[in-house]
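K.L.:
Provided herewith is a single structure, encoded as structure tokens, for subsequent inquiry.
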Amino acid sequence: MTDSPFNPRALLADARLGVLATIKSNGMPQLSPVTPYYDADADVIYVSMTGISAAMRSSRAG
């Protein structure tokens, strides 16, 4: 085990699979697999989703 500090941006840069969590209108959680891409220059995370899932509808609704 190392004593190096945790760097979440390094973790994001290496990620190939992620989970987008939203809350449905009935209060239940909705978990959807996503493919993340971290743009380190812009410090932005982009996600790719397939199909129209409840999570995608929730994220678009704001």
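No lab work stands behind these numbers, since they all come straight from the coordinates. From a predicted model like this one, the values you see are computed outputs, not experimental measurements. Reconstructed Cβ throughout: ideal geometry from the backbone, glycine too, with neighbour counts over all protein chains shown.
K.L.:
Mind listing the long-range amide H neighbours of Leu20? Cut-off is under 5 Å, sequence gap 5 or more, other chains count too, H placed in the peptide plane at 1.01 Å from N.
P.N.:
Ser32, Val34
K.L.:
What distance in nm separates the simple spin-label points at Asn7 and Leu31, each placed 7 Å from Cα in the Cβ direction?
P.N.:
Spacing of the two 7 Å Cα→Cβ label points: 2.9 nm.
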